[in-house]
1. Take Lys27 and tell me if it is in a helix (DSSP H, G or I) and surrounded by 11 or more Cβ atoms within 10 Å (Cβ to Cβ).
2. Test Ser8 against the stated conditions and say whether it is among the polar types (S, T, N, Q) and not in a helix (DSSP H, G or I).
3. The conditions are (1) part of a helix (DSSP H, G or I); (2) hydrophobic (A, V, I, L, M, F, W, C); (3) surrounded by fewer than 13 Cβ atoms within 10 Å (Cβ to Cβ), and Ile39 fails exactly one of them. Which is it?
4. Inside segment 11-21, can you point out the residues that are over 8 Å from the mean Cα position of the chain (by Cα) and in a helix (DSSP H, G or I)?
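What follows is calculated from the coordinates using simple rules that are stated; it is not laboratory data. In this text the structure is predicted, and so the values were computed from the model without any measurement. Cβ placement follows ideal geometry from the backbone for every residue including glycine, while neighbour counts extend to all protein chains displayed.
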Amino acid sequence: MAEKTDVSTAYRMMKSPNKKTARRGLKIIKQVKRVKRGIK
């Protein structure tokens, strides 16, 4: 199964007790915010 990388999924991943999953969610959120600010 491919990993979803949309914002809503990332925020849901942040609530996970699994540290790896939460870190992955945080990474996606940071990436989206970076792109939103215009820095690539």
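1. The answer is yes for Lys27.
2. Judged against the criteria, Ser8 is not a match.
3. Single failed check for Ile39: (1).
4. Result: Arg12, Lys19, Lys20, Thr21.
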